[in-house]
Every structure is written in C-alpha cells, then in structure tokens.
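These notes are about the structure you will find just below.
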Amino acid sequence: EKDDDDCDAYAILETELFLKRIAAKAYTHKSWTDMRRTLVYARTEVRFYNEIVPLLLSSNDDMLRRQIPKCHHATYDLSGLIDEDSPTTDASQSSPLPENEKQKNALLETKGGHMLLESLSPSHGYYQNAPITRQQSLACLQAVAELHASAWGDKALLKQINDRLSSAGGSYHLQFRNPKELQNMVASWDTFRGNFLGLNEKTKILEKESVVRLGQRVYDMAKYVSKELTPKWDDDYATLVHGDYKAMNVFLPSNDSEDKLPVMIDFSCAGIGYGISDVGMHICHANLAEDLENGGEEELLEGYLTALEEAVSRRKGESWKYPRDVAMRHYQLACIDYLRFILGRFWRSATPESFEKKKASKNTTLINRNVDAAMAFIEKVDKYLEVFEQEINA
C-alpha cells in the first residue's frame with residue numbers, strides 16, 4: 001500500500017489545449033477554387049508550425065517565442081487533392097473531384113488537417129476583442145513587427161518560406177481570389193454606393209466625382225497594385241508576413257498579466273510579402289474611425305516602423321532603418337489592395353441593414369459593419385489611388 005508521497009509521484013498533470021481541425025468534407029458546398037484555398041491554408045499552417053517556427057526560434061532572441069503559441073502536434077493529408085509541390089498560389093488548378101457523389105465523398109472523407117495548440121483562454125490570462133483601443137492596436141503591431149523582423153534579410157529562410165508556405169502571403173492576395181470578384185468589381189461598387197448614398201453626413205463622400213468612379217478605378221489598378229505588393233523572396237523589404245492580421249487573430253494579455261505579451265494566432269495565410277500589408281489590414285480591421293483621426297493612424301504606423309527597426313537592428317547587431325517614403329508607398333498600396341478585396345468579396349451585397357446585423361460581429365472587418373469606418377476608409381483610398389494613377393500616367 002502506497003503512502004501519500006508515493007501517490008504524489010504518480011500524480012497526473014492536466015492542461016487545456018486547443019484543437020484546430022480542417023475537414024475537407026465540410027466544404028463540399030464551395031467551388032473547387034474556394035475549397036482548394038481553404039485546404040491550402042491548412043497545409044500552410046501545419047508547415048509553418050512544423051518547419052518554419054523552429055527556424056524562427058533558433059536564435060537567442062526570446063521575444064518571438066513568447067508571441068507564437070506552442071504547437072504540440074500538426075499534420076495534414078491532402079493526397080489525391082493537392083500535390084505536395086503544388087504552389088499555394090495556383091488557383092487555376094483543375095478540380096480533382098469525381099463527378100460521382102459517392103466517389104467524391106469517399107475521397108474527401110479523411111482529407112484535411114489538424115493542429116493541437118497551447119490554449120490561450122481567459123483562464124490562461126488572454127482575451128480577444130474587436131474593435132480595440134489605439135494602445136492595444138499598437139501592441140498588436142509591435143508583436144507583428146517581431147514576426148517580420150525574425151526573417152528579415154535571411155535569404156535562406158525566406159527561400160524556404162517561399163517554397164514551403166507561399167510566394168505571396170495574404171488571405172486576400174489577388175492570386176488566391178475567385179476571378180469573379182474582380183470581374184464584378186464595377187457593378188459591386190455601383191450597388192454598394194446606391195445602398196449607402198444619402199444615409200448620413202458621413203456618406204456624402206459617395207457623391208464626390210472620383211468616388212463615384214471608385215469601382216472602375218480599383219478594377220483598373222488591381223493587377224498593378226497586386227504586382228507592386230508582391231515582392232520576390234530575395235527583394236529588398238521582403239519578409240515573412242502573417243497574411244490575415246485582424247484584431248481577432250491576436251490574443252491580448254489581461255490587465256493583471258503584466259509579464260505576458262500579445263500572442264499571434266492563425267498563420268494559415270503566412271508567406272512572402274511586405275510586412276506593411278499586415279499593418280494596413282490590421283489598422284482598418286481593428287480601429288474605430290475616430291481613433292485614427294488627428295494623427296492617430298500616423299501614430300500607429302510610426303509605432304510599427306519604430307518597433308520593426310528596433311527588432312531588425314537587435315537581430316542584425318547594427319542599426320537599420322526603413323525609409324519612410326518607401327514604407328508609406330507600401331502602406332498606400334496595401335490599403336488600396338485591401339479595399340479591392342472587401343469591395344469584390346463583401347460589398348457587392350452590403351446594405352445598411354447588413355452592417356447593422358453584423359455590427360457586433362468581432363471577426364468581421366470593421367469596414368464591413370461600421371458605416372463611419374467604411375466611409376473614412378473610402379476617403380483615404382480615394383486619395384491613395386490618385387497617387388498611383390499619377391505614377392502610371394507620368
């Protein structure tokens with residue numbers, strides 16, 4: 001018979017984990033293009049945790065280690081659907097699905113992937129929210145600056161990210177999207193504008209002549225903007241990007257967790273890109289329009305750039321600077337590109353009523369549920385478009 005000390009030796013430690021599972025059979029209602037994109041995302045995230053994270057954490061710099069969740073197990077099986085060497089960006093891949101429904105279901109039955117991750121629940125001192133305050137947003141941008149810095153200038157690592165994750169990081173990259181989104185761009189804008197025109201004082205921006213033509217302008221610039229935002233892995237300023245850096249993809253530490261840092265999640269869209277693309281998406285996804293006024297947006301952008309410069313310099317062991325004119329150009333391109341995605345994907349069916357219905361949906365980008373945020377973003381992108389229209393026509 002064991003005494004109490006012996007019992008302690010056999011005690012079982014329990015911990016809470018998070019299981020993320022992607023099952024191919026759950027997406028049979030989608031087109032093959034959309035299903036493939038979802039499955040490739042799963043492959044990307046598994047590869048990120050299994051192959052890339054160990055390389056990112058191999059240095060003695062401990063900051064990033066505290067801002068990526070620990071992955072205990074990750075695997076996927078897409079055999080018969082997507083070849084291992086098939087590029088993430090190959091949206092034109094023909095469907096491998098059999099016409100016969102029974103055969104299709106049999107093929108998809110066991111396909112997909114899963115990850116077993118560290119839990120970041122409130123009981124562990126973390127929470128999610130959207131929108132967030134400007135100070136919270138700055139903390140998120142400082143976190144992603146560490147991610148961007150972790151691969152900055154490391155050509156061997158960037159080549160592996162390019163080959164194993166994606167040559168074009170981002171959930172809304174033009175290469176990933178359904179071609180119909182771009183084809184219907186002008187009609188989508190005309191419908192959106194008609195639905196919101198005259199709603200309130202803020203929507204008067206929709207009467208501006210250049211904004212009336214916004215759909216056509218975005219359509220005309222879409223491929224140019226995407227090209228300018230898609231660096232090769234060995235280009236200047238190219239790095240590892242998160243690719244879907246919305247507020248709900250960051251767990252913030254609770255007020256009583258001073259020793260904790262924000263933790264980034266959902267790396268399914270990670271790949272090569274300009275880090276500023278993550279910044280552009282995050283700022284309009286996470287911040288109320290009034291928080292970006294009177295220099296608020298510039299404060300966030302400068303906060304990110306300063307954090308990136310400090311992180312890259314710390315890793316390089318020498319001072320490094322991101323020229324502000326280059327950074328601003330990348331940021332303006334990123335904002336235009338994000339509007340292209342939102343307009344093509346969501347605003348074709350948006351109405352004041354749909355905004356009202358989604359107003360509390362934290363996972364929905366703010367510019368698709370808050371009229372003031374949407375109008376402020378339209379006004380900003382209208383100005384940015386003019387910059388590149390002049391550049392092309394010069």
Mean residue ellipticity (222 nm) of the chain, computed from DSSP H runs ≥ 4 via -39,500 (n - 2.57), nearest 500: -14500 deg cm²/dmol
Cα-based helix-to-principal-axis angle, 324-345 vs the chain, degrees rounded to 10: 90 degrees
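Let me make sure I get this right: for segment 10-117, a, b and c are the square roots of the gyration tensor eigenvalues over alpha carbons, sorted descending. Under 1.5 in a/c it's rounded, otherwise prolate if a/b > b/c, else oblate. Which is it? Could you put the intermediate results ahead of the total?
Numbers: a/c = 3.18, a/b = 1.71, b/c = 1.86.
Here segment 10-117 falls in the oblate category.
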Cα-based helix-to-principal-axis angle, 214-228 vs the chain, degrees rounded to 10: 50 degrees
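Using a probe of 1.4 angstrom, how much of the accessible area of segment 1-138 is carbon and sulfur, in percent? Before the final figure, lay out each step's value.
Values: 3920 of 8110 Å².
Carbon-and-sulfur percentage of accessible area, whole number: 48.
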Of TYR224, PHE267, GLY280, farthest towards positive along the dipole that unit charges on Lys, Arg, Asp, Glu beta carbons give segment 211-333: TYR224
Given LYS104/LYS359; LYS204/LYS321; LYS180/LYS246; LYS20/LYS202; LYS25/LYS358, the pairs whose alpha carbons are separated by over 32 Å: LYS104/LYS359; LYS204/LYS321; LYS20/LYS202
Loop-located GluC sites (Glu not before Pro) in segment 78-155, at most 16 other Cβ atoms within 10 Å (DSSP): GLU84, GLU99, GLU109
Size of charge dipole - segment 17-103 - debye, nearest 20, with Cβ of Lys, Arg +1 and Asp, Glu -1, no other charges: 440 debye
Backbone HN-Hα couplings from phi across segment 122-135 [Karplus 6.51/-1.76/1.60, Hz, Gly and Pro as x]: x, 5, 9, x, 10, 8, 10, 7, 6, x, 10, 6, 4, 5
Inter-centroid distance (Cα atoms) of segment 187-239 relative to segment 72-112, Å: 34 Å
Residue-level accessible surface for ASP62, protein heavy atoms, 1.4 Å, Å²: 80 Å²
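Determine the order of HIS330, HIS73 by accessible area, beginning with the largest, at a probe radius of 1.4 Å. The partial results should precede the final answer.
Working: HIS330 10, HIS73 90 Å².
Of HIS330, HIS73, the descending order of accessible area is HIS73, HIS330.
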Protein accessible area in segment 256-305, 1.4 Å probe - carbon and sulfur %: 42 percent
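Please report, in debye to the nearest 20, how large the charge dipole of segment 240-394 is about its Cα centre when each Lys and Arg carries +1 at its beta carbon and each Asp and Glu carries -1 there. Spell out each step's value before the answer.
Numbers: 18 positive and 26 negative charges, 134 e Å.
Computed about the Cα centre, the dipole is about 640 debye.
Quick check: at a probe of 1.4 Å, how many percent of the accessible area of segment 159-224 sits on carbon and sulfur atoms?
Numbers: 1550 of 3200 Å².
Carbon-and-sulfur percentage of accessible area, whole number: 48.
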Leading residue at positive end of dipole, the chain (Cβ point charges), from LEU366, GLN103, VAL53: GLN103
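Suppose all protein chains stay in the model; what accessible area per residue would a 1.4 Å probe give for the chain, in Å²? Display every interim value, and only then the final one.
Values: 18590 Å² over 394 residues.
Heavy-atom SASA per residue in the chain reads 47 Å².
Starting from segment 217-253, pick out the trypsin sites (Lys or Arg not before Pro) whose DSSP state is loop and whose Cβ has at most 13 other Cβ atoms within 10 Å. Present the calculation step by step, with values, prior to reporting the outcome.
On the way: sites: ARG217, LYS223, LYS227, LYS232, LYS246; in loops: LYS232, LYS246.
Hits after loop and neighbour filter: LYS232.
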GluC sites (Glu not before Pro) within segment 12-52, DSSP loop, no more than 12 other Cβ atoms inside 10 Å: GLU14, GLU16
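The values are calculated or read from the model by the stated rules, or taken from the named source; none is laboratory data. Bear in mind the structure is a predicted one, so any value in this text is a computation, not a measurement. Note that we place each Cβ from the backbone using ideal geometry, even for glycine, and neighbour counts take in every protein chain shown. The area values use the complete protein model at the heavy-atom level, side chains included, leaving out ligands, DNA and RNA. Shrake-Rupley method; radii C 1.70, N 1.55, O 1.52, S 1.80 Å.
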